[in-house]
Amino acid sequence: MPYNPALDGLRAISILAVLGYHCQVPLLDGGFFGVDLFFVLSGFLITTMLRNELDATKGIDLGRFYWNRLVRLTPPLYLMLAAILLIGLETPGKTLVAAVYLTDFFAPYEHFYGVLRHTWSLAVEEQFYLVWPLLLVGILRLPRPVAVVAAMFCIATAWRILLVQELPGEWVYFRPDARLTGLLLGAIVALAKPEFRDVSLLNSIGKAAAAAILLLIVASRIYTPMSLLITQPLVEVSAAALIVAATDGRSEIHRLLSHPILVRIGVLSYSLYLWHYPIANVMRQSYDWPSALFVTAVLSMALATLTHSLVEIPMRAFRLRQRVVAT
């Protein structure tokens, strides 16, 4: 799909919110919603790519899709895990759990899980990547695929409501089946993204969505029924609206999110996410938030830059070479 710098800008906003939350920055108590922005964006991007491939080739090369996801995501993760294990910050058992993308099944049940707890979101996305292409091939051949995905979204929302009534909020927060709503909402945007003739209306939607997300980040608390039942859906819907505005080159949100600094941070966002949490986890135990924020931001940015240059870019080139050979 064509490159859109505004989506990297949206990634930047997401990772900055999460980093600030993990460093316990005041007024960022809801910064954990940056993960929900990532989920909606991931659902949108993956569904768009798969739909485009199906439209162009009348099929989806599942083997190539899974291989590309593996080569794209696993090497940076394994580099971080190796460093954590070498330094001795985590046990081999928890490192192995993170390496096979199962942290979301274990982290909820141990409050002080350790420096790899953030890999739960990687596990949720990887599990979605494993199942979604298989479902999407069939869904896209149905008469009304958008209605089918919308029904799945409604069922997933109802299921999360039920879980909140039965389980502690912390358990629900990490469960993959309680996280389907954001991914499915992104898929709905990919399948039914509206086109706007009125740019002023598009700008209004983008500004309202951005303002709503900012307000919810400032005013929210993690694990509460309010955040799980009300705030999270509002953030997901706002993220979907923000994606609609960001993907239209005429919008003000597109121009704002395409700022070079935000784009650069967005390009590094995956590696930033991997490295920032172990550093923040250690720093916040002994230092106040300004010191934790400064050290975490500087070290994670440096490590992310190195990881991107030495691992992500070579892996991308490797995938492209494979594609050329295959064709």
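The values are calculated or read from the model by the stated rules, or taken from the named source; none is laboratory data. Remember, it's a predicted structure, so these values are computed and weren't measured experimentally. Methodologically, a virtual Cβ is constructed for each residue, glycine included, from the backbone with ideal geometry; neighbour enumeration extends over all protein chains shown.
Going by the conditions given, is ARG197 under 19 Å from TYR129 (Cα atoms) and at pLDDT below 95?
No: the conditions fail for ARG197.
Please enumerate the residues belonging to region 1-29 that are in a loop (DSSP other than H, G, I, E, B) and surrounded by fewer than 24 Cβ atoms within 10 Å (Cβ to Cβ).
MET1, PRO2, TYR3, ASN4, GLN24, VAL25, PRO26, LEU27, LEU28, ASP29
Return the residue satisfying two criteria in turn: it lies in region 91-116 and is assigned to a loop (DSSP other than H, G, I, E, B) and in contact (Cβ under 8 Å) with a residue 60 or more places away in the chain, and of such residues it is surrounded by the most Cβ atoms within 10 Å (Cβ to Cβ).
Among residues in region 91-116 that are assigned to a loop (DSSP other than H, G, I, E, B) and in contact (Cβ under 8 Å) with a residue 60 or more places away in the chain, the one surrounded by the most Cβ atoms within 10 Å (Cβ to Cβ) is LEU116.
Among the residues of region 303-313, are any farther than 16 Å from VAL71 by Cβ and within 18 Å of the chain's Cα centre (by Cα)?
Yes - at least one qualifying residue is present in region 303-313.
Which residues, counting only those in region 161-201, are part of a helix (DSSP H, G or I), closer than 18 Å to SER42 by Cβ and not aliphatic (A, V, I, L, M)?
TYR173, PHE174, PRO176, ASP177, THR181, GLY182, GLY186, listed by residue number.
How about region 264-292: which of its residues are surrounded by fewer than 18 Cβ atoms within 10 Å (Cβ to Cβ) and closer than 16 Å to ARG11 by Cα?
ARG264
Would you say PHE32 is closer than 19 Å to HIS118 by Cα and of a type outside the set (A, V, I, L, M)?
yes
Would region 52-66 turn up any residue that is under 27 Å from VAL100 (Cβ atoms), under 11 Å from the mean Cα position of the chain (by Cα) and of a type outside the set (S, T, N, Q)?
No, there is no match, as no residue in region 52-66 is under 27 Å from VAL100 (Cβ atoms), under 11 Å from the mean Cα position of the chain (by Cα) and of a type outside the set (S, T, N, Q).
May I ask you to list the residues in region 214-237 that are surrounded by 14 or more Cβ atoms within 10 Å (Cβ to Cβ), touching a Gly at 6+ places or on another chain (Cβ under 9 Å) and either of a type in the set (Val, Ile, Thr) or on the phi > 0 side of the Ramachandran plot (or both)?
ILE217, ILE222, TYR223, THR224, THR231, VAL235
Could you pull out the residue among ALA297, ALA317, ALA302 that is out of contact with any Pro (no Cβ under 7 Å at 6 or more places or on another chain), under 22 Å from GLY9 (Cβ atoms) and surrounded by fewer than 16 Cβ atoms within 10 Å (Cβ to Cβ)?
Answer to the selection: ALA302.
Looking for something under 28 Å from LEU293 (Cα atoms), buried (at least 17 other Cβ atoms within 10 Å of the Cβ) and without any contact (Cβ under 8 Å) to a residue 24 or more places away in the chain - is there at least one such residue anywhere in region 82-89?
Yes, region 82-89 has at least one match.
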